[in-house]
1. Counting residues that are open to solvent by less than 30 Å² (accessible area, probe 1.4 Å), which strands (runs of 3 or more DSSP E) fully inside region B:133-241 reach at least 3?
2. Filtering region B:367-381 down to residues that are within 6 Å of the ligand (Cβ to nearest atom) and part of a helix (DSSP H, G or I), which residue is nearest to B:Met241 (Cα to Cα)?
3. Take region B:275-300 and flag every residue that is facing chain A (nearest Cβ under 9 Å) and not acidic (Asp, Glu).
4. Just one of A:Arg220, A:Arg249 is under 17 Å from A:Ala86 (Cβ atoms), more than 11 Å from the chain's Cα centre (by Cα) and not polar (S, T, N, Q); which is it?
5. Against the conditions (1) away from the ligand (no atom under 13 Å from the Cβ); (2) at pLDDT 95 or above; (3) at negative phi, where does B:Gly393 fall short? Just the number, please.
6. For B:Glu11, indicate whether it is over 23 Å from B:Asn304 (Cα atoms) and within 12 Å of another protein chain (Cβ to nearest Cβ).
7. If B:Ala332 passes every condition in (1) more than 7 Å from chain A (Cβ to nearest Cβ); (2) of a type outside the set (Ser, Thr, Tyr); (3) out of contact with any Leu (no Cβ under 8 Å at 6 or more places or on another chain); (4) open to solvent by 10 Å² or more (accessible area, probe 1.4 Å) but one, which one does it miss?
8. Which of the residues belonging to region A:321-376 are farther than 30 Å from A:Thr250 by Cβ and among the small types (Gly, Ala, Ser)?
Amino acid sequence: MNFAFDEEQTSLGDTVARLLADHAALVAPDLSADAAGPAWDALAELGLFAMMVPEERGGAGLGPVDLALSVEAMGASLAPLAAVDALVVTDLLARHGTPAQQEQYLPRLAAGELRVALAMIEKDDDDAPESVKAKVAGGVLNGVKLLVAEGAQADLFAVVAQSDSGPAVYLVPADAAGVSVRAHEDIDPTCAHAAVTFAGVALGDDALVGPAAPARTVARLFDAGAGMMACLLTGIAGRMLDTAVEYARTREQFGQAIGSFQAIKHRCADMAVAVEAARSATYYGVWTLSENAPDRARAVSMAKAYAGEVARHVCNETIQVHGGMGFTWELGIHRFLRRTKVIEHSFGSSVWHNERVLTETLRTLADGEAAQQAAA
Amino acid sequence: MDFNYSPSENEFRMELRTWLAAALPQGWGETVFEPEDEHERAMFRLDWERKLHAGGWSGINWPKEYGGRGATLIERGIFAEEMARARAPEGINIIGHNLAGTTILAHGTEEQKKRFLPKIISSDEVWCQGFSEPNAGSDLASVRTRAELKDGKFIVNGQKIWTSYAQYAQWCFALVRTDPDVPKHKGLSFLLIDMSSPGITIRPLRQISGESEFNETFFDNVEVPAENIVGDLNGGWKIAMTTLAYERGPEDALGRQIRFKQELDQLLITLTQTMQGNRSAIDNPAVRQRLARAISEIEIVRLNALRSFSRLLDGADRGSDASMTKLYWSHAAQTMYEVAMDALGPIAPLSGNDPAAASLGRFQLSWLQSKAFTIYSGSSEIQRNIIGERVLGLPR
Ligand SMILES: Cc1cc2nc3c(=O)[nH]c(=O)nc-3n(C[C@H](O)[C@H](O)[C@H](O)COP(=O)(O)OP(=O)(O)OC[C@H]3O[C@@H](n4cnc5c(N)ncnc54)[C@H](O)[C@@H]3O)c2cc1C
């Protein structure tokens, strides 16, 4: 057992961080999605999208743990959310895709040529993927999905919809007849969110991902997504902490740096502790994803809920530490605040994940009690 | 990063599990519990520590030459998990194991190691910590207890306070002033004091829990052999910092997490079995969210400690991590006991032996005890100062 990243994982994370630092427009105050394209291309050129593609399909065959620090860096630099969705879909196809799907999509995903968007959330949804109402019947998909990141740029949608036997993931080309896209108005336009309507879309024969186990496939998609979101949130929280501390060191009032006042210093210390706690939960959660460990659901939920609450807290505190500057558009902290709120609600809210942490814990406890009684 | 266990690690786990099952009384943690009376409980814990030692399970991470097993960090993690699983009792010589032992290992002479370590690991000698004084708490460096070197002996005069377990201790390590004429950090020394020396008086102090774990300790011309100094004369501050780094460090946090996890599990089981109105207490949605958060935080105490271990193995400095570790576990545990008292509902105030109390009133006592977590081992405010200044580089 060892709770440290190896050199390759660390250096990949550093590389991604440096690369994205060159794309300063990603964190600019104005809410334009223009920076997303160049950043996506640079990440593709780096080979990021090939990392989770299996070696026999021309990729690096890495798993979520190998990319955790990279995704954290993507969070810290407000990299395109759709790029992370692409990684989540790659993970899903690598594990559950049919050979034909793998052959068709993975090489283009690896090259960063195929833009895939995740279509999960619906209007009257709760957070559970099981609650979607989009439906596939007789090979035809009907439903309306909301908050699809870069929905208008997508070549392919990964859609969660009900099959005859429960929720499943389907792959739907964006140019299929019956697909229409409407841009959203929302708090973070840099994600280029869209509503996507699937009106009587006839699906291909090989549209269903993981036909042997559709429910497990949905669960994997959801958990992998939640784990990656936890990495993004941790990255945002870490960057906000650094920003707050830097300001506390340099801004002077009453003839001294504001960081010398305990009210500020102690807030910063609490933020630092919270960020480290979020990292502990997130890294462990991501490891259970890599290993498909038995406690994956609990660990990922812990990571997502905890990192979400920490990121929100740290964004709020960072604004407070900056005083009036913190509330200005130009300083751009609002970008992190907005992105955090979007991520908090994707792949399940903190409330939903907390509930799952408790349910899973109670289940494990009951199993343990039963086992002990059986042994006695 | 890898949380899988090797075959030898699994073997270690099974060996310990089997040992624990045989060593603990029949029905332990279900029908059989620790004695109620404070003194009996202390003796019970001392017996348990000695039993652990007899079984080879005491001080497992210490080097083999001083009676330990030289256990790896992974084995330490497994040890904590198995102790939690078996609901094993706490020890009473925690200060001996975690503070005196580690400090002597780090800075003691070979003679001191040979003299003291075996008796700590066997709990034949219990230790207490003589740092705090009435006028030197957070500002530890301003301690006034004097030690004057005369004819190869230190003569110690003064008063310590909040000395936990002094009533059970054979030895005390103390921070004393050996030079009053230099800046306060530079005139301190670290002494090992035999508690049976003439001139030592202890007076119990009652705590908010009603217990009297801590004491006032008075030193009146107490003679301490000169060889009982750890480190240099007037070099005690550095030694005390090592002690504090261990007191606040991941080993300590992991040990405590054992108890928090046990009590949290017990709370969850109790809540599923407690009716509130027409539903079970566990089904209160407002409580469920907070329970989940408590579960996560207590789990993070463990994960933080494991991450810290990995960093220490990589050669990181103990000091900076320790304050973060301590600040986190103390608040996580306090919050957990507050949630417990809320979740128990109307019967929450019932404690101890009341037949209507939940789970033998254990949560009420723990809730009261938890109020000390953010005060001892350096208060939360002091930890935040340290983190702010030494980890984040904010100005003083
Ligand atoms: C149960 C228990 C067991 C203990 N066991 C031992 C033991 O075995 N041996 C031992 O030596 N000591 C022991 N202690 C003592 C403990 O270490 C001290 O209580 C602690 O260091 C605080 O010191 P104090 O009580 O003098 O409080 P003070 O230092 O007077 O602090 C009072 C308040 O002021 C705050 N404060 C102080 N200075 C600052 C500052 N610079 N900035 C911001 N806030 C500040 C503190 O955080 C606290 O809230 C024990 C304490 C308890 C509660």
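The values are calculated or read from the model by the stated rules, or taken from the named source; none is laboratory data. The shown structure was predicted, so the numbers you read here are calculated from the model rather than taken from an experiment. Quick reminder, even Gly has a Cβ in these numbers, built from the backbone with ideal geometry, and neighbours come from all protein chains shown. Protein only, heavy atoms only, side chains kept; ligands, DNA and RNA dropped before computing areas. Shrake-Rupley method; radii C 1.70, N 1.55, O 1.52, S 1.80 Å.
1. Hits in region B:133-241: B:153-161, B:171-177, B:188-194, B:215-225.
2. B:Glu381
3. Residues satisfying the conditions are B:Ile282, B:Pro285, B:Arg288, B:Gln289, B:Arg290, B:Leu291, B:Ala292, B:Arg293, B:Ile295, B:Ser296, B:Ile300.
4. A:Arg220
5. Unmet for B:Gly393, out of (1) away from the ligand (no atom under 13 Å from the Cβ); (2) at pLDDT 95 or above; (3) at negative phi: (3).
6. Considered against the rule, which asks whether it is over 23 Å from B:Asn304 (Cα atoms) and within 12 Å of another protein chain (Cβ to nearest Cβ), B:Glu11 comes out as no.
7. It is condition (4) that B:Ala332 fails.
8. Answer for region A:321-376, where residues must be farther than 30 Å from A:Thr250 by Cβ and among the small types (Gly, Ala, Ser): A:Ser346, A:Gly348, A:Ser349, A:Ser350, A:Ala366, A:Gly368, A:Ala370, A:Ala371, A:Ala374, A:Ala375, A:Ala376.
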